[in-house]
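The values are calculated or read from the model by the stated rules, or taken from the named source; none is laboratory data. Values in this document were obtained by computation on a predicted structure and should not be read as measured data. Here the Cβ positions follow ideal geometry from the backbone for every residue, glycine too, while neighbour counts run over all protein chains shown. Remember, those area values only see protein heavy atoms, side chains included, never the ligands or the DNA or RNA. Shrake-Rupley method; radii C 1.70, N 1.55, O 1.52, S 1.80 Å.
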Amino acid sequence: MSGSFHNNASLHDNNMHVIVRNKSYTGCTLPTQATAVLHYLHEVLGIDAPDLRPWGRANELPYFLRDAFQFSELELLGQPVVLAIGRAEAKQSLSEVRTWLDKVLALAGQPAVYVTDALASYDRRRLIEQKVPFIVPGNQLYLPDLGLDLREYFRQRAPATEATLSPSAQAMLITALLRQPWQPDWQPSKVAAALGYTPMTLSRAVRELTAAGLAAAHTVGRSRWLRMELPPKQVWERARPALRTPVRRTVWVAAHGVAAHRPSRLAGLSALARHSMLSEPKWPVHALSAADWKAATDAGVRELPDPEAGAQEWQLWSYSPALMPNASTVDPLSLTLSLQENADDRIQLALDELKRQFSW
């Protein structure tokens, strides 16, 4: 059973009381997320408030799991299910959620479902690829063990989720987010000049960033400035659906004879290995701009039809891979975007490790 549902019902009762047998929530208010789950199940499946009770075996789990989740139990379509409700004060790493739920499954002998109040689209895809059951109340319910994949879509979306930023706007945004120390106000003309953009490209990028709600324009003297109203981490998360991999295409070149033209920035798995415990890839990966690739081919560098012994992988980027001056690798934000669709668990774990290194 699967389908898409567009439902205009709203959640009214945030203080629902459920009386159940044995252990119960009798006489107390259900946790907000648990209440939202019950409303959502009723809206999309027509289930009237199934018995919801604390899971009796939660105390047998390691402390770190009890710190990360609140555990409840209910019967859904005749199947007992454990809900692992993510605690707001304890951020769960998606790379670890599947491993953690497997521990609950091994103890409970029944499906364990991850419950959270929000998931970005790329995180939902990642959980689905890994067959991790989850519920995002008001948005999506994915329970492969029960044959359910029910989706609702936000009725109101910020413009940032509707359109993709151009490569120039993306590069300017990432450059501003990478600045140290962090300052919410920045001058887009200086960033554009450093990236070699024309006044026309600058104007278009500013329009995109302000239309997407990622920055607000204001004037200081005769100069135009942009201000980010949110902290950098929130700006990044809000922008993510509108950002794309900077890699336009990948080429293979022979290692011999390219030393003078080899790009200086490590990219892909080579860069990720520098920032995590990931092993170095078999083929070194470098990034370069389209202009640098043209200069290299004009100088005699040729693309190989297939990789060969000693070959190098060169990524041709849609914007400069040198957004961070004096670095040996591409910047961490662009690197994350270039690998976010890779389903390899090792790579996703390394990306989580990289994310913990962000200055914000």
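Go through the residues of region 115-128 one by one and say whether even a single one is surrounded by fewer than 19 Cβ atoms within 10 Å (Cβ to Cβ), more than 16 Å from the chain's Cα centre (by Cα) and in a loop (DSSP other than H, G, I, E, B). There is no residue in region 115-128 that is surrounded by fewer than 19 Cβ atoms within 10 Å (Cβ to Cβ), more than 16 Å from the chain's Cα centre (by Cα) and in a loop (DSSP other than H, G, I, E, B). Only one of the numbered conditions (1) at pLDDT below 85; (2) assigned to a helix (DSSP H, G or I); (3) more than 23 Å from F358 (Cβ to Cβ) is not met by L141, and that is (2).
Within region 211-268, the set of residues being out of contact with any strand residue (DSSP E or B) (no Cβ under 8 Å at 6 or more places or on another chain), modelled with pLDDT of 90 or more and among the small types (G, A, S) comprises A211, A212, G213, A239, A242.
T161 fulfils the conditions (1) of a type in the set (S, T, Y); (2) touching a helix residue (DSSP H, G or I) at 6+ places or on another chain (Cβ under 6 Å); (3) at pLDDT 80 or above; (4) surrounded by fewer than 21 Cβ atoms within 10 Å (Cβ to Cβ) except for a single criterion, (3).
A search for C-beta distances below 7 Å between a residue of region 225-241 that is closer than 15 Å to R179 by Cβ and any residue that is among the hydrophobic types (A, V, I, L, M, F, W, C) and open to solvent by 60 Å² or more (accessible area, probe 1.4 Å), counting only pairs 6+ apart in sequence or on different chains, returns P231/W360; P232/W182; P232/W360; K233/W360.
Condition check for D344 on (1) out of contact with any helix residue (DSSP H, G or I) (no Cβ under 7 Å at 6 or more places or on another chain); (2) open to solvent by less than 70 Å² (accessible area, probe 1.4 Å); (3) at pLDDT 90 or above: one failure, at (3).
Would you be able to say whether some residue in region 255-266 is free of Cβ contacts under 8 Å to residues at least 24 places away in the same chain and either of a type in the set (F, W, Y) or more than 26 Å from I174 (Cα to Cα) (or both)? Yes, region 255-266 has at least one match.
Here the strands (runs of 3 or more DSSP E) wholly within region 220-309 that include at least 3 residues being surrounded by fewer than 20 Cβ atoms within 10 Å (Cβ to Cβ) are 223-227, 247-253. If the condition is being over 27 Å from the mean Cα position of the chain (by Cα) and either over 20 Å from H218 (Cα atoms) or open to solvent by 60 Å² or more (accessible area, probe 1.4 Å) (or both), then region 171-202 contributes K190, A193, A194, G196, Y197, T198, P199, M200. Screening region 144-158 for residues that are surrounded by 14 or more Cβ atoms within 10 Å (Cβ to Cβ) and of a type in the set (D, E, K, R) and picking the one that is modelled with the lowest pLDDT gives E152. Among the candidates A205, A217, the residue that is over 21 Å from the mean Cα position of the chain (by Cα) and assigned to a strand (DSSP E or B) is uniquely A217.
The lone criterion from (1) open to solvent by less than 60 Å² (accessible area, probe 1.4 Å); (2) outside any helix (DSSP H, G or I); (3) at pLDDT below 90 left unmet by F71 is number (3). With respect to the conditions (1) open to solvent by 40 Å² or more (accessible area, probe 1.4 Å); (2) of a type in the set (S, T, Y); (3) in contact with a Lys or Arg (Cβ under 8 Å, 6 or more places away or on another chain); (4) modelled with pLDDT of 80 or more, S4 falls short on a single one, namely (4). The residue that is nearest to the chain's Cα centre (by Cα), among those in region 310-341 that are under 19 Å from L272 (Cα atoms), exposed (fewer than 15 other Cβ atoms within 10 Å of the Cβ) and touching a residue at least 12 places away in the same chain (Cβ under 8 Å), is E341.
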